[in-house]
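**Student:** Before anything else, here's the structure in question.
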Amino acid sequence: MNADVTGEAKGGVDRKIMKVLAGESVWPPPVWIMRQAGRYLPEYREMRARAGGFLDMCYNPDFAVEVTLQPIRRFGFDAAIMFSDILVVPHSLGQNVWFVEGEGPRLDPIATTDDVARLGERDPHLHLEPVFETLRRLRRALAPETALLGFCGAPWTVASYMIAGKSTPDQAPARIAAYADPAFMRALIDRLVETSIDYLVAQVDAGADAVQIFESFASALSAPLFEPLSLDPIRRIVSGLKARRPQARVIVFLRGGGPNLARLVEAGFADAIALDWSLDLARTLPGIPAKLPTQGNLDPLALVAGGAALDAGIDAVLAATKGRPHIFNLGHGIVPQTPVTHVERLVERVRGS
Ligand code: CP3
């Protein structure tokens, strides 16, 4: 089984991003953009208008492959990230998930340990098979030098949606639950850890060269909650994945990690650390071992603004990371109002450096 996937993995040594993830400094650095498939692209908006619901798109390999490839064709990024969403995991566990146009995700909130027990048996293979089919087709469609990335949400970030039932400014419902009912929170996090390991193993088997774990709400965690709700669950996912697929490479993105970023670095289990846009590289990089790959961290709104601010922002990231194993990226997802010409400019400037 997976003979061709193994062959692909061998080919992966020529993928710039894989060289960086192995600790090599590559110049100019490889580049991709978080949320690179999406509404800032007219061809995405056109397909989106013809498709059904957003989740249906995620489970439709024809659609998902096409929108994943759109930014690769346009900009020639060094990595394709499969088109899906972090919320397919709660959906695969039987929680009702849907997206409201112009507003974002909605879920039927869960609140008790019994609710966790009622979540379905973990079987990502059944529900998430279209995601794996998307990856298999992508690996065949991509040029050998383009890396293929899978992903999942970190348990705390996913749990905060499962508890609040929607996006919230400060993840208050999940934070309150963490204090008021730690047994519920632990049960939910444990379920997400187990499911995420299976999910990422299957992504690697389907052809993902590396996976990124998105902890988008790290900023909401107080110091005592960071270890049990973020750091430890992510550690368990990475070690569970690597126990079964030692070749897997994992990028961990903490948004708003603040002082907790140092704890992630010290913990030493991430193959690469994705830095958010709020971090001053001049102060942050000296605290990261020179061989530990980093990714980021241009402000997505500098990419919206363009012009001199964009050029200066790009140059600052390049100057700060030169000589290190670094993957050029934004410090959070690209936003829908970003002009396509500014993305072209970014790629040209990074590659021309
Ligand atoms: O990077 C990529 O191009 C791959 C696809 C991807 C999507 N979501 C597609 C998407 C990835 C990696 C994600 C991750 C994701 N989803 C995160 C973590 C990253 C981050 O931004 O912090 C989170 C928190 C979500 C949850 C989510 N999905 C929200 C809050 C929303 C609504 C807000 C928004 O941006 O519209 C989504 C919807 C979503 N996921 C869209 C896309 C392209 C837009 C939906 C649409 O086209 O209507």
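**Student:** Quick check for me: using +1 on Lys/Arg Cβ and -1 on Asp/Glu Cβ, what's the dipole size of the chain about its Cα centre, in debye to the nearest 20? Show your work: numbers first, answer last.
**Tutor:** Details: 37 positive and 40 negative charges, 151 e Å.
With Lys and Arg at +1 and Asp and Glu at -1, about 720 debye.
**Student:** Further question: List the lysines whose Cα lies under 30 Å from the Cα of Lys16, skipping any in the same chain that are fewer than 8 positions away.
**Tutor:** Counting by Cα, and skipping residues close in sequence, Lys16 has these lysines nearby: Lys242, Lys291, Lys322.
**Student:** Based on the mean of other Cβ atoms within 10 Å per residue, sort peptides 107-117, 206-216 so the most packed one is first. Don't skip to the end; give the middle numbers.
**Tutor:** On the way: 107-117: 15.3, 206-216: 24.8.
Result, highest mean Cβ count within 10 Å first: 206-216, 107-117.
**Student:** Additional query: Considering amide H positions built from the backbone, and no H for Pro or chain starts, which residues 5 or more places from Ser353, or on another chain, come under 5 Å of its amide H?
**Tutor:** none
**Student:** HN-Hα J couplings of the range 129-142 from phi, Karplus 6.51/-1.76/1.60, θ = phi - 60°, integer Hz, Gly and Pro as x?
**Tutor:** Calculated HN-Hα couplings, in order: 3, x, 5, 5, 4, 4, 4, 4, 5, 4, 4, 5, 7, 7 Hz.
**Student:** Once Rh for the chain is found with the Kirkwood sum over Cα pairs, what is the Stokes-Einstein diffusion coefficient at 10 °C and 1.306 mPa s, in µm²/s?
**Tutor:** For these conditions, the coefficient is 78 µm²/s.
**Student:** Here is a further query. What's the carbon and sulfur percent of the range 16-351's accessible surface, probe 1.4 angstrom, rounded to a whole number? Before the final figure, lay out the partial values.
**Tutor:** Values: 6850 of 12850 Å².
After summing per-atom areas, the C and S share lands at 53 percent.
**Student:** Which whole-Hz couplings ³J(HN,Hα) result when phi for each residue of the range 293-302 is put into the Karplus expression 6.51 cos²θ - 1.76 cosθ + 1.60, θ = phi - 60°, listed in order with x for Gly and Pro?
**Tutor:** Once θ is set to phi - 60°, the couplings for the range 293-302 become x, 10, 8, x, 9, 4, 5, x, 7, 5 Hz.
**Student:** For Cα pairs less than 8 Å apart in space and 6+ apart in sequence, what is the mean separation divided by the residue count of the range 16-351, i.e. the relative contact order in percent?
**Tutor:** On the way: 591 pairs, mean separation 73.6, N = 336.
Across the range 16-351, relative contact order equals 22 percent.
**Student:** So which residue, out of Ala316, Ala80, Ala270, gets the largest mean-square fluctuation from a GNM of the chain using Cα contacts under 10 Å as springs?
**Tutor:** Ala316
**Student:** Taking amide H positions as placed in the peptide plane 1.01 Å from N, state which residues far from Ala154 in sequence (5 or more) or on other chains have amide H under 5 Å from it.
**Tutor:** Amide H neighbours of Ala154, under 5 Å, 5+ apart: Phe214, Glu215, Ser216.
**Student:** Continuing with the same structure: What accessible area per residue, rounded to a whole number of Å², is obtained for the range 112-254 using a probe radius of 1.4 Å? Please report the intermediate quantities before stating the final value.
**Tutor:** Numbers: 5140 Å² over 143 residues.
Per residue, the range 112-254 has 36 Å² of solvent-accessible surface.
**Student:** Separate question: Give me the number: length gained by fully extending Ile176 to Ser25, i.e. 0.36 nm times residue separation minus the C-alpha to C-alpha distance, one decimal in nm.
**Tutor:** Values: separation 151, 0.36 × 151 = 54.36 nm, distance 4.29 nm.
Residue separation times 0.36 nm, minus the Cα-Cα distance, leaves 50.1 nm.
**Student:** Under the Karplus relation 6.51 cos²θ - 1.76 cosθ + 1.60, θ = phi - 60°, what is the ordered set of whole-Hz ³J(HN,Hα) values for the range 322-335, x standing for Gly and Pro?
**Tutor:** For the range 322-335, the Karplus-derived couplings read 4, x, 9, x, 9, 10, 6, 6, 7, x, 5, x, 5, 9 Hz, x marking Gly and Pro.
**Student:** Using DSSP, restrict attention to beta bridges with both residues in the range 16-351 and report what percent are antiparallel, rounded to the nearest 5. Numbers along the way, then the final one.
**Tutor:** Details: 5 of 30 bridges.
In the range 16-351, approximately 15 percent of DSSP beta bridges are antiparallel ones.
**Student:** Next question. Please work out whether the range 146-291 counts as rounded, prolate or oblate from its C-alpha gyration tensor, where a ≥ b ≥ c are the square roots of the eigenvalues and a/c under 1.5 means rounded, while otherwise a/b larger than b/c means prolate and anything else oblate? Working shown, then result.
**Tutor:** Working: a/c = 1.78, a/b = 1.14, b/c = 1.56.
Because a/c hits 1.5 or more and a/b fails to exceed b/c, the range 146-291 counts as oblate.
**Student:** With a ≥ b ≥ c the root eigenvalues of the C-alpha gyration tensor of the range 10-117, is it rounded (a/c under 1.5), prolate (a/b larger than b/c) or oblate? Don't skip to the end; give the middle numbers.
**Tutor:** Numbers: a/c = 2.72, a/b = 1.53, b/c = 1.78.
It is oblate, given that a/c is not under 1.5 and a/b is not larger than b/c.
**Student:** Turning to a different aspect of this structure: Between Lys166 and residues 5 or more places away or on another chain, which pairs have amide H atoms under 5 Å apart, with H built 1.01 Å from N, and which residues are they?
**Tutor:** Distant-sequence amide H within range of Lys166: Leu107.
The values are calculated or read from the model by the stated rules, or taken from the named source; none is laboratory data. Everything numeric here is computed off the predicted structure, so don't read it as measured data. All Cβ positions, even for glycine, are placed from backbone atoms using ideal geometry, and neighbour counts span all protein chains on display. Side chains included, ligands, DNA and RNA excluded: accessible areas come from the protein's heavy atoms. Shrake-Rupley method; radii C 1.70, N 1.55, O 1.52, S 1.80 Å.
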